[in-house]
Amino acid sequence: MPETILTNNALAERIETSDEWIVERTGIRQRHIASVLETTNSMGAMAARNALQMAGVRAEDVDMVIVATCTPDKTFPSSACHIQQELGIPPCPAFDVQAACSGFIYGLSIIDQFIRTKMAKRVLLIGSEVMSRVVNWQDRRTCVLFGDGAGAILLEASSTPGILNTHISADGRHKDILYLDNQANATIEMQGNSVFKLAVNMLDTIANQILVANNLTIHDLDWLVPHQANIRIIQAMAEKLGLPMERVVVTLREHGNTSSASIPLALDFAIRQGKIKPGQRLLLEAFGGGLTWGTALIQY
Ligand code: ACO
């Protein structure tokens, strides 16, 4: 995470909003904001180094790099190529995945196919975003929601699969309710209420779909690790699923919505805090501009 923290109260000094409104409508209390020296590439490289260190794997043993981001430093070369060079990872497939806030789950799904078909053995998956550079800081309907950060995981082929299953999908009919044009100084445009309703109406359905497809029920899950967009969306999903909030990882209070970085950041937080323990079963879930969405069942 970038060092600089922007609290709701500090935001309220700049635009017409309040800590009470933001907390009540979103659950967010603060977000981290990248300095001029911090970028998607630099934060992503740092997260990737930490992931390798935690996994005890050397950079030269990685054979694929995927970065999920909708705010790359450059359209090309990809952030994945940059981070590959920065870490000294030998020539191997390296590319970015862009599926807005669902990018991390899309990346997991791609990697699952590569590992199952024995095309890759050790893959770095990084989610990194500088959302603060693509929000309109005068638009109180959007700027209060987003933050910057990066998270990374290392996936390794094994005889007992960690990724039990992934489901990804999209519906381009909703492309106009949440978008970021590819032009200089463009900012996120969002019909917040439409996104909110679609998310609340679909998330429990896609969670149940992946559980049923794997002969599991909600009682077989230890943790739900949702995309961190809005506490009301997360609570509505948990309630519909019959899952107590004690089994849901929530980091948006401190981080805001960091798009593709939100799930790996939440995983990092919950694992380092000792909440998520080896052997536990997790359901990851995300939705984002497109609309895109995805779920992943993980045995940690
Ligand atoms: N501070 C104070 N008042 C505000 C603020 C603010 N920051 N923002 C909006 N308001 C006002 C509005 O102007 C409106 O006032 P009015 O009634 O006088 O017109 C009132 O609050 C209600 O506004 P709504 O937009 O209806 O508020 P809502 O309850 O829908 O909450 C929110 C807005 C938080 C954006 C919600 O709709 C939401 O979370 N939507 C989902 C967003 C999301 O998850 N996006 C995913 C993006 S991820 C990606 O792919 C990049």
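Nothing in this text is a laboratory measurement; each read-out follows from the coordinates by a stated rule. In this text the structure is predicted, and so the values were computed from the model without any measurement. Glycine also receives a Cβ, built like all others from the backbone with ideal geometry; neighbour counts cover every protein chain displayed.
What fraction of the DSSP beta bridges in the chain is antiparallel, stated in percent and rounded to the nearest 5? Present the calculation step by step, with values, prior to reporting the outcome.
Numbers: 29 of 45 bridges.
Bridges in the chain that DSSP calls antiparallel: roughly 65 percent.
Return the inverse of the average 1/r over all pairs of distinct C-alpha atoms in the stretch 4-156, which is the Kirkwood hydrodynamic radius, in Å to one decimal. Evaluated on the stretch 4-156, it is 16.4 Å.
Remark: the Ile5-Asp171 segment gains 56.3 nm on full extension, using 0.36 nm per residue and subtracting the alpha carbon distance. Just to be sure I follow the definition: excluding the sites themselves, where is the longest run in the chain that has none of the trypsin sites (Lys or Arg not before Pro) in a DSSP loop with at most 12 other Cβ atoms within 10 Å? In the chain, the maximal stretch lacking such sites is 119-300. The Kirkwood radius of the stretch 78-172, taken over pairs of alpha-carbon atoms, gives through the Stokes-Einstein law at 20 °C and 1.002 mPa s a diffusion coefficient of 140 µm² s⁻¹.
For the stretch 163-299, what number results from the quotient of the Cα radius of gyration and 2.2 N^0.38 Å?
Numbers: Rg = 15.1 Å, N = 137, 2.2 N^0.38 = 14.3 Å.
Dividing the Cα radius of gyration by 2.2 N^0.38 Å gives 1.06.
Once the chain from Lys74 to Trp137 is taken as fully extended at 0.36 nm per residue, the excess over their C-alpha distance is 20.5 nm.
What's the longest piece of the chain with no exposed GluC sites (Glu not before Pro), counting a site as exposed if DSSP puts it in a loop and it has at most 15 other beta carbons within 10 Å? Display every interim value, and only then the final one.
Numbers: sites that count: Glu3, Glu13, Glu16.
Looking at the chain, 17-300 is the longest stretch - no exposed GluC sites (Glu not before Pro) with at most 15 other Cβ atoms within 10 Å.
Here the simple spin-label model places points 7 Å from the Cα toward Cβ, and for Arg116 and Val57 these points are separated by 1.9 nm.
The calculated FRET efficiency for the pair Val212 and Trp21, based on their C-beta separation and a Förster distance of 45 Å, comes to about 0.70.
Rounded to the nearest Hz, the phi-derived 3J(HN,Hα) couplings of the stretch 29-34 under the Karplus curve 6.51 cos²θ - 1.76 cosθ + 1.60 (θ = phi - 60°) are 10, 7, 9, 8, 10, 5, where x marks glycine and proline. Checking the cross-link pairs Lys74/Lys175; Lys121/Lys240; Lys197/Lys275 against a 28 Å limit on the alpha carbon distance flags Lys121/Lys240; Lys197/Lys275 as lying beyond it.
What is the extension gain from Val36 to Gln273, computed as 0.36 nm multiplied by their sequence separation minus the C-alpha to C-alpha distance, in nm to one decimal? Present the calculation step by step, with values, prior to reporting the outcome.
Numbers: separation 237, 0.36 × 237 = 85.32 nm, distance 3.01 nm.
Extra length from Val36 to Gln273 when fully extended: 82.3 nm.
Across the chain, Cα pairs under 8 Å and at least six residues apart give a relative contact order of 24 percent.
Charged neighbours of Val67, selected by a Cβ distance under 11 Å, balance to -3 (K, R count +1; D, E count -1).
Mean residue ellipticity at 222 nm, helices only, the chain: -10500 deg cm²/dmol; runs of at least 4 DSSP H residues each add -39,500 (n - 2.57), and the sum is divided by the number of residues.
Would you mind giving the three semi-axes, in whole Å and largest first, of the ellipsoid equivalent to the chain according to its Cα gyration tensor? Walk me through the numbers before you get to the answer.
Working: eigenvalues 151, 114, 61 Å².
Each semi-axis is the square root of five times an eigenvalue, giving 28, 24, 17 Å.
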